[in-house]
Amino acid sequence: AQDSILFYVFWEAMLIPMFLMIGIWGGENRIYATIKFFLYTFFGSIFMLIALIYMGRETGDFSIDALQQMPLTATEQKWIFWAFLIAFAVKIPMWPFHSWLPDAHSEAPAGGSVILAALMLKLGAYGFLRLVIPFFPDVWISNIPFFSVNWATAFAFLSMLGIVLGAFAAFGQNDIKRLVAYSSVNHMGFVGIGIAAFALLYGEAWAASQSAIAPDKMMDAVAALNGTVMQMFNHGLSSAGMFLLAGGIYHKTHTRDLTQYGGFWVKAPIFGGLFVFMSMSSLGLPGLNGFVGEFLIVRGTWTTFTWLTALSMVGLLFTGSYILKGIRYTLHGEFNMRWKDYNLEVDWREFAAVFVLGIFIFWTGLAPNWILETINFSVTSILMNIAG
């Protein structure tokens, strides 16, 4: 969409099918989860609509290009920046705007969770890259009132908290779908810190009248933004696979309680193999897709946000903890005889869906250039434009 109002209309239109999927085909608490999901996302987007109407009336043109060129006072920039920030931060979701996500995921049907995790969460990050960074380059490098820290650093700090606290929260879950849901908060935190690093460079280049970017900063920006977009793609693959498997085992056992599982290797070895494979993809095991995006993000943000990136590694450590917890409770230990007469193995449709995802996971992990070259072309084009 090149028109901002058209962008907003389709942005809100995404809520309708997800509202119906959770509300009609969700779990026991689907009404609560549906209303919470709708209110969070719709309430955040209302601020963006108000900002778009204000900007459009001032310029007489609602096209995104025209709004990007609109001269704004410092006060206008800060208020409109806040409006966009809330709208897209809720969708990512960034800490502390994330609490709608576990409820929506735990009550959604498996297909709804796949769409939500693999597609809809990425649109918040897309909004920052498409609108917030180009619209407000000066705001990102300006200091927060009463604090000697700029907005990009504050954004990176909240993303770091999402990584660390999301990992802790996932480790504390006994509901398999809530565990995977909190893992999304953890993984999307890496997307957030990559966006912050790029926003800081973009703002600095803009403040210097689009002067040439130093080669070392250019390398950091290329790595951070490539990693950010790659992580969005990779999380879509691994989270989709995890939710398909979690949803499949829920439909067979009618419980999401990990403590009620145990020893499923005995009855479902194929499911066990797929579950471990997808878990390792989510963990970021070298050789699989998850490693590529996170490595590029850490490489690109290390010099810009050294301490925040180092603290994010704590969250990465606990990523392994909650992944191993899920594997242990589901596959290992004594087999729960409650399920002795149940068919816990994946059926052919589940296997086909996860197998297709597995092909892309392997392919991306071993030869990421098949998609990274496309991502890098767009990234370098953006950076060359602001470099002048």
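Tabulated data
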| read-out | value |
| --- | --- |
| Count - residues of segment 33-53 that are surrounded by 14 or more Cβ atoms within 10 Å (Cβ to Cβ) and either hydroxyl-bearing (Ser, Thr, Tyr) or closer than 21 Å to ILE133 by Cβ (or both) | 10 |
| Residue among LEU179, LEU165 that is touching a residue at least 12 places away in the same chain (Cβ under 8 Å), under 22 Å from GLY124 (Cα atoms) and surrounded by fewer than 21 Cβ atoms within 10 Å (Cβ to Cβ) | LEU165 |
| Filtered residues of segment 115-153 (kept if open to solvent by 30 Å² or more (accessible area, probe 1.4 Å), part of a helix (DSSP H, G or I) and either among the aliphatic types (A, V, I, L, M) or within 24 Å of ASP3 (Cβ to Cβ) (or both)) | ILE115, LEU119, LEU123, TYR126, LEU129, ARG130, ILE141 |
| In segment 236-278, the residues that are within 21 Å of the chain's Cα centre (by Cα) and of a type in the set (S, T, N, Q) | SER238, SER239 |
| Hits in segment 299-335 (condition: closer than 23 Å to ALA110 by Cβ, open to solvent by less than 40 Å² (accessible area, probe 1.4 Å) and more than 20 Å from the chain's Cα centre (by Cα)) | LYS325, GLY326, ILE327, THR330, LEU331 |
| Filter pass, VAL180 being in a helix (DSSP H, G or I) and more than 18 Å from THR330 (Cα to Cα) | no |
| Search result, residues across segment 89-114 that are hydroxyl-bearing (Ser, Thr, Tyr) and open to solvent by 10 Å² or more (accessible area, probe 1.4 Å) | SER99 |
| Residue that is surrounded by the most Cβ atoms within 10 Å (Cβ to Cβ), among those in segment 277-288 that are of a type outside the set (Ser, Thr, Tyr) and closer than 10 Å to LEU245 by Cβ | MET278 |
| Tally, over segment 251-267, of residues that are open to solvent by 10 Å² or more (accessible area, probe 1.4 Å) and in contact with a Lys or Arg (Cβ under 9 Å, 6 or more places away or on another chain) | 3 |
| Lone qualifier among VAL139, VAL149, VAL180 - being at pLDDT 85 or above, on the phi < 0 side of the Ramachandran plot and of a type outside the set (Lys, Arg) | VAL180 |
| Condition broken by GLU350, with the remaining ones in (1) acidic (Asp, Glu); (2) open to solvent by 50 Å² or more (accessible area, probe 1.4 Å); (3) in contact with a Leu (Cβ under 7 Å, 6 or more places away or on another chain) satisfied | (2) |
| Leading residue by the ranking (modelled with the lowest pLDDT) among those in segment 58-83 that are of a type in the set (A, V, I, L, M, F, W, C), in a helix (DSSP H, G or I) and out of contact with any strand residue (DSSP E or B) (no Cβ under 8 Å at 6 or more places or on another chain) | ALA74 |
| The one condition in (1) buried (at least 20 other Cβ atoms within 10 Å of the Cβ); (2) modelled with pLDDT of 85 or more that ILE86 fails to fulfil | (1) |
| Hits in segment 363-374 (condition: touching a helix residue (DSSP H, G or I) at 6+ places or on another chain (Cβ under 8 Å) and assigned to a helix (DSSP H, G or I)) | TRP363, THR364, GLY365, TRP370, ILE371, LEU372 |
| Those residues of segment 23-32 which are open to solvent by less than 90 Å² (accessible area, probe 1.4 Å), in a helix (DSSP H, G or I) and not charged (D, E, K, R), in sequence order | GLY23 |
| Inter-residue pairs, beta-carbon under 6 Å, first over 20 Å from ILE16 (Cα atoms) and part of a loop (DSSP other than H, G, I, E, B) and in segment 92-106, second open to solvent by less than 10 Å² (accessible area, probe 1.4 Å) and among the β-branched types (Val, Ile, Thr), 6+ apart | PHE97/VAL90 |
| Contacts under 7 angstrom Cβ, first residue in segment 319-345 being part of a helix (DSSP H, G or I), partner open to solvent by less than 100 Å² (accessible area, probe 1.4 Å) and among the basic types (Lys, Arg), 6 or more apart | TRP339/LYS267 |
| Residue among GLY248, GLY194, GLY203, GLY227 that alone is more than 30 Å from TRP140 (Cβ to Cβ), among the small types (Gly, Ala, Ser) and either open to solvent by less than 10 Å² (accessible area, probe 1.4 Å) or modelled with pLDDT of 85 or more (or both) | GLY248 |
| Number of the exception - THR228 against (1) within 22 Å of PHE377 (Cβ to Cβ); (2) not in a helix (DSSP H, G or I) | (2) |
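The values are calculated or read from the model by the stated rules, or taken from the named source; none is laboratory data. Since this is a predicted model, take the numbers as computed values, not measurements. No Cβ is skipped: glycine too gets one built from the backbone with ideal geometry, and neighbour counts run over all protein chains shown. Side chains included, ligands, DNA and RNA excluded: accessible areas come from the protein's heavy atoms. Shrake-Rupley method; radii C 1.70, N 1.55, O 1.52, S 1.80 Å.
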